[in-house]
């Protein structure tokens, strides 16, 4: 689907081609059961996307994390998605997540 940026048809086609390349490059398109776990820790709330939402905010939006988590859950790959206020309990820090996945949980420092 092309993103319309105005009356310039060439610009719309160019943006559509970029989106096709983005889809091919996106991790969500190529998940396999041996992929690594993921921690998606957003610093923005999961608010609705509107026509006025910037493309950058759409690309880096917690909704993407929720969709990716559903895709990763299917083959059994751990995916933790967090944003301000979610989850209310049990948030994990990036440090704790890395320690867990490198078999270092429970170790204290060096």
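The values are calculated or read from the model by the stated rules, or taken from the named source; none is laboratory data. The shown structure was predicted, so the numbers you read here are calculated from the model rather than taken from an experiment. Cβ placement follows ideal geometry from the backbone for every residue including glycine, while neighbour counts extend to all protein chains displayed.
Worth pointing out:
- Residue check for residue 32: assigned to a loop (DSSP other than H, G, I, E, B), loosely packed, with under 11 Cβ neighbours inside 10 Å and modelled with pLDDT under 90: no
- Qualifying residue in the range 70-80 (condition: over 12 Å from residue 31 (Cβ atoms), surrounded by 11 or more Cβ atoms within 10 Å (Cβ to Cβ) and in contact with a strand residue (DSSP E or B) (Cβ under 8 Å, 6 or more places away or on another chain)): yes
- Taken over the range 49-74, residues that are in contact with a helix residue (DSSP H, G or I) (Cβ under 9 Å, 6 or more places away or on another chain) and not in a helix (DSSP H, G or I) amount to 1.
- Taking the range 77-103 as the range and being within 14 Å of residue 36 (Cα to Cα) and either assigned to a helix (DSSP H, G or I) or not assigned by TED's automatic domain parsing to the domain that holds residue 60 (or both) as the test, the residues that pass are 97, 98, 99, 100, 101.
- Pair list, Cβ under 6 Å, 6 or more apart: the range 47-61 residue free of Cβ contacts under 8 Å to residues at least 12 places away in the same chain, other residue surrounded by 11 or more Cβ atoms within 10 Å (Cβ to Cβ): 58/49
Per-residue answers, yes or no, for (1) modelled with pLDDT of 95 or more; (2) outside the structural domain of residue 101 (by TED's automatic domain parsing); (3) closer than 10 Å to residue 81 by Cβ:
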residue: 23; (1), (2), (3): no, yes, no
residue: 43; (1), (2), (3): no, no, no
residue: 48; (1), (2), (3): no, no, no
residue: 64; (1), (2), (3): no, no, yes
